[in-house]
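S.K.: Below is one structure. I have some questions about it.
Quick note: the coordinates plus some simple rules give every number you see, no bench work behind them. On a predicted model such as this, the values are computed, not experimentally measured, just so you know. Cβ: placed from backbone, ideal geometry, glycine included. Neighbour counts: every protein chain shown.
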Amino acid sequence: MESDQRMISKIPFYDVVIVGAGHAGAQTAVALRQQAFAGSIALMGDECELPYERPPLSKDYFSGEKSFERILIRPEAYWGERAINLMLGRRVVSVCPEAHTVTTKRGETIGYGKLVWATGGSPRQLACGGRDLPNVCYVKTRADVDGMRSQLSELHNIVIIGGGYIGLEAAAVLSKLGKKVVVLEALDRVLARVAGPTLSRFFEAEHRAHGVDIRLGIKVKALVGSGQPYGDGRDKICGVETEGSGTVPADIVIVGIGIVPAVEPLLAAGAEGANGVDVDENCCTTLADVYAVGDCAAHINSFAGGQRIRLESVQNANDQATTVAKVIAGKTTSHNNVPWFWSNQYDLRLQTVGLSSGHDDTIIRGEPSTRSFSIIYLREGKVIALDCVNATKDYVQGFALIREQLSIPSAQLANPAIDLKDAARSSSLRVSA
Ligand code: FAD
């Protein structure tokens with residue numbers, strides 16, 4: 001009956017329509033086929049590129065060390081071989097949950113059996129004047145990075161607004177390329193949203209040692225044009241006017257101040273949510289047959305003290321993609337994996353396990369001046385997260401500490417001569433004795 005109606009309406013129909021061909025969307029399609037799901041799949045994305053990994057955009061793709069082919073999530077042939085219909089260059093602008101259809105900006109309507117919303121987020125824009133000037137850039141897509149790279153030889157003064165991971169990674173790449181880089185951060189330390197002060201101070205010192213001018217507590221007043229027509233005839237940026245700290249010269253401004261989840265069409269269709277779309281443990285939204293995964297999915301996370309959060313990480317995108325694929329394939333599942341994240345800056349590999357928000361104590365394991373150490377975050381005596389700088393062993397062994405919620409004596413945690421797994425073992429023996 002249902003399929004008859006579909007034939008009569010002549011609307012293209014897929015058993016699963018995935019909106020957003022980024023990390024979470026592409027991985028959902030991959031995971032569906034891995035789960036032996038035999039139904040039809042459409043993967044719709046507004047970018048025109050094959051699905052690719054975003055982390056290298058501010059790291060080795062930006063620096064030119066990795067080609068685009070090397071950051072593809074799967075080679076081009078994969079999608080056709082697995083009968084996954086890639087519908088690129090399509091922006092979905094509305095969802096009709098009653099009719100089970102989505103409509104694109106071009107006016108195409110596509111029917112779905114199940115809909116997976118995987119749209120990530122758009123870069124948060126500055127609120128000040130001058131934000132539309134040419135050469136105000138973001139690090140979000142391949143096109144953004146290719147645009148910046150194509151003019152690098154003409155750029156000397158680079159201002160980065162925002163001292164989060166993306167801003168700092170871009171600063172590391174650009175300073176290594178010999179550019180004069182200034183980072184303007186509104187708060188009193190970099191990485192304030194994601195890490196404790198010790199890690200912030202460490203990275204500030206590292207960047208300054210590499211010649212990056214890190215300025216803290218700086219409020220941006222306006223982006224200033226030179227009055228000279230540029231490219232398309234518009235004014236060209238020449239500086240960033242700050243409150244109380246003068247105007248910083250700029251040939252280009254890179255803005256890295258977070259993302260805004262791209263969930264408008266879904267919320268307009270009646271799905272619950274605010275900062276993202278709300279999902280349950282199976283990634284179901286409040287709309288029937290509609291799921292959400294990745295950066296846009298606000299879920300209850302036990303590692304965040306049971307709060308509803310969005311995680312902007314590859315690990316979360318992959319885990320939620322696997323969960324939703326299993327659910328759609330009719331398999332039982334539950335995922336409650338410890339969150340993890342990484343960042344590369346210069347020769348430093350930061351690996352984070354757990355979520356440090358809400359910590360009430362920290363322990364430094366090792367000596368930051370050696371450039372190999374870990375910061376352990378505790379809440380009520382239990383380890384909730386580790387930031388490990390060039391300390392992969394701590395990172396790997398840290399998962400168990402967080403998962404098992406052990407209380408380990410501080411002296412053992414602080415002593416790099418004692419492996420964390422041994423500290424955990426002696427602690428669990430003490431508990432069971
Ligand atoms: P995205 O990968 O952003 O994909 C969403 C896609 O949906 C985009 O292509 C978007 O254009 C498209 N879209 C949006 N709206 C629509 C619509 N209405 N219709 C059709 N398509 C739409 N994570 C880490 O764990 N480690 C890192 O080191 C790291 N570094 C990063 C560096 C950069 C520069 C960036 C930008 C992110 C980084 N991340 C990192 C975060 C990680 O890349 C994201 O968490 C991950 O890509 C999330 O996947 P997603 O599919 O939810 O969103």
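S.K.: Please turn the phi angles of segment 167-179 into ³J(HN,Hα) values with the Karplus equation 6.51 cos²θ - 1.76 cosθ + 1.60 (θ = phi - 60°), one per residue in order, whole Hz, x for glycine and proline.
M.R.: x, 6, 5, 4, 4, 5, 4, 6, 5, 5, 7, x, 7
S.K.: Hey, another quick one. Any idea how far apart Leu177 and Glu69 come out in nm if each label point goes 7 Å out from Cα toward Cβ?
M.R.: Once both label points are built, they end up 2.2 nm from each other.
S.K.: For the charge dipole of the chain, defined by +1 on Lys and Arg C-beta atoms and -1 on Asp and Glu C-beta atoms about the Cα centroid, which residue among Ser67, Leu126, Val327 has the Cα displaced farthest towards the positive pole?
M.R.: So the residue furthest toward the plus end is Ser67.
S.K.: If you don't mind, another one. Just how large is the dipole of segment 146-235 about the Cα centre, in debye to the nearest 20, putting +1 at every Lys and Arg Cβ and -1 at every Asp and Glu Cβ?
M.R.: 220 debye
S.K.: May I ask for the net charge around Gln35, where only other residues with Cβ less than 15 Å from the Cβ of Gln35 are counted and Lys, Arg are +1 while Asp, Glu are -1?
M.R.: That works out to +3.
S.K.: Given contacts defined as C-alpha pairs under 8 Å and at least six residues apart, what's the relative contact order of segment 196-353, whole-number percent?
M.R.: The value is 11 percent.
S.K.: Hey, can you grab everything whose amide H is under 5 Å from the amide H of Ser94? Only 5+ residues off in sequence or another chain; H modelled, so Pro and N-termini drop out.
M.R.: Thr103
S.K.: Next question, about the same structure. If you count, for each residue, the other Cβ atoms within 10 Å and average over each peptide, how do 408-421, 367-380 line up from highest to lowest?
M.R.: Result, highest mean first: 367-380, 408-421.
S.K.: Once phi is turned into ³J(HN,Hα) by the Karplus curve 6.51 cos²θ - 1.76 cosθ + 1.60 with θ = phi - 60°, what whole-Hz value does each residue of segment 149-154 show in order, with x for glycine and proline?
M.R.: 4, 5, 10, 4, 5, 8
S.K.: Whose amide H sits under 5 Å from the amide H of Lys236, counting only residues 5 or more places off or on another chain, with H placed in the peptide plane?
M.R.: Ser226, Gly227, Gln228
S.K.: Past 27 Å, Cα to Cα, is the threshold; run Lys105/Lys219; Lys10/Lys331; Lys66/Lys105; Lys10/Lys326; Lys176/Lys236 against it and keep the listed order.
M.R.: As for pairs spanning more than 27 Å Cα to Cα, those are Lys105/Lys219; Lys10/Lys331; Lys66/Lys105; Lys10/Lys326.
S.K.: Averaging sequence separations of C-alpha pairs under 8 Å and six or more residues apart, then dividing by the length of the chain, give the relative contact order as a whole percent.
M.R.: Dividing the mean separation by the residue count of the chain yields 14 percent.
S.K.: Now for a different question. Can you give me the C-alpha center-to-center distance between segment 153-223 and segment 370-433, rounded to a whole angstrom?
M.R.: Result: 30 Å between the Cα centres.
S.K.: Hey, got a sec? Which GluC sites (Glu not before Pro) in segment 1-101 land in a DSSP loop and have at most 13 other Cβ atoms within 10 Å?
M.R.: Glu65, Glu98
S.K.: What order do you get for 119-127, 346-354 when each peptide is scored by the mean count of other beta carbon atoms within 10 Å, highest first?
M.R.: 346-354, 119-127
S.K.: If you don't mind, there's one more thing I want to ask. Quick one: compute the contact order of segment 347-432, relative version, from alpha carbon pairs under 8 angstrom and 6+ residues apart, as a percent.
M.R.: It rounds to 27 percent for segment 347-432.
S.K.: Antiparallel as a % of all DSSP beta bridges within the chain, to the nearest 5?
M.R.: 60 percent
S.K.: Could you give each residue of segment 33-47 its phi-based ³J(HN,Hα) in whole Hz, using Karplus coefficients 6.51, -1.76, 1.60 with θ = phi - 60°, and x for Gly or Pro?
M.R.: 3J(HN,Hα) across segment 33-47, in whole Hz: 5, 5, 7, 6, 5, 9, x, 7, 10, 10, 10, 9, x, 7, 6.
S.K.: Quick check: net charge around Gly276, other residues with Cβ under 14 Å of its Cβ, Lys/Arg +1 and Asp/Glu -1?
M.R.: Charge balance near Gly276 sits at -3.
S.K.: Also, quick follow-up: Determine the shape class of segment 1-154: with a ≥ b ≥ c the square roots of the Cα gyration tensor eigenvalues, call it rounded for a/c under 1.5, and otherwise prolate if a/b is greater than b/c, oblate otherwise.
M.R.: Oblate.
S.K.: I've got another one for you. What is the chain by shape, rounded, prolate or oblate, if you read a ≥ b ≥ c off the alpha carbon gyration tensor as root eigenvalues and call it rounded for a/c under 1.5, prolate for a/b larger than b/c, and oblate otherwise?
M.R.: Oblate is the answer for the chain, as a/c is 1.5 or above yet b/c matches or exceeds a/b.
S.K.: Next up: Restricting to DSSP loop positions (anything but H, G, I, E, B) with no more than 15 other Cβ atoms inside 10 Å of their own Cβ, which trypsin sites (Lys or Arg not before Pro) remain in segment 226-334?
M.R.: Passing both the DSSP loop test and the Cβ count: Lys331.
S.K.: Suppose every K and R has +1 on its Cβ and every D and E has -1 on its Cβ; what is the size of the dipole of the chain about the Cα centre, in Debye to the nearest 20?
M.R.: Dipole magnitude for the chain comes out near 420 debye.
S.K.: For Gly164, list long-range residues whose amide hydrogen, built 1.01 Å from N in the peptide plane, is under 5 Å from its own amide hydrogen.
M.R.: Answer set, sorted by chain and number: Leu191.
S.K.: Which one, Tyr52, Leu223, Trp340, is farthest towards the positive end of the dipole of the chain when Lys and Arg carry +1 and Asp and Glu -1 on their Cβ?
M.R.: Farthest along the dipole direction, towards plus: Trp340.
S.K.: Work out the length of the dipole vector of segment 347-432 about its Cα centre, built from +1 on the beta-carbon of each Lys and Arg and -1 on the beta-carbon of each Asp and Glu, and round it to the nearest 20 debye.
M.R.: 200 debye
S.K.: Based on DSSP H runs of at least 4 residues, each adding -39500 (n - 2.57), what is the mean residue ellipticity at 222 nm of the chain after dividing by all its residues, to the nearest 500 deg cm²/dmol?
M.R.: The per-residue figure over the chain is -7500 deg cm²/dmol.
S.K.: When you count, for each residue, the other Cβ atoms within 10 Å and take the mean per peptide, how do 84-92, 128-136 rank with the highest first?
M.R.: Peptide ranking by packing, descending: 84-92, 128-136.
S.K.: With a/c under 1.5 counting as rounded, go ahead and sort segment 347-432 into rounded, prolate or oblate using the C-alpha gyration tensor (a ≥ b ≥ c being the square roots of the eigenvalues; past the cut-off, prolate if a/b is larger than b/c, else oblate).
M.R.: Prolate shape, in that a/c is at least 1.5 and a/b is the bigger ratio.
S.K.: Something else: What number comes out for the charge environment of Thr242, summing +1 per Lys or Arg and -1 per Asp or Glu over other residues with Cβ under 11 Å away?
M.R.: Neighbourhood net charge equals +1.
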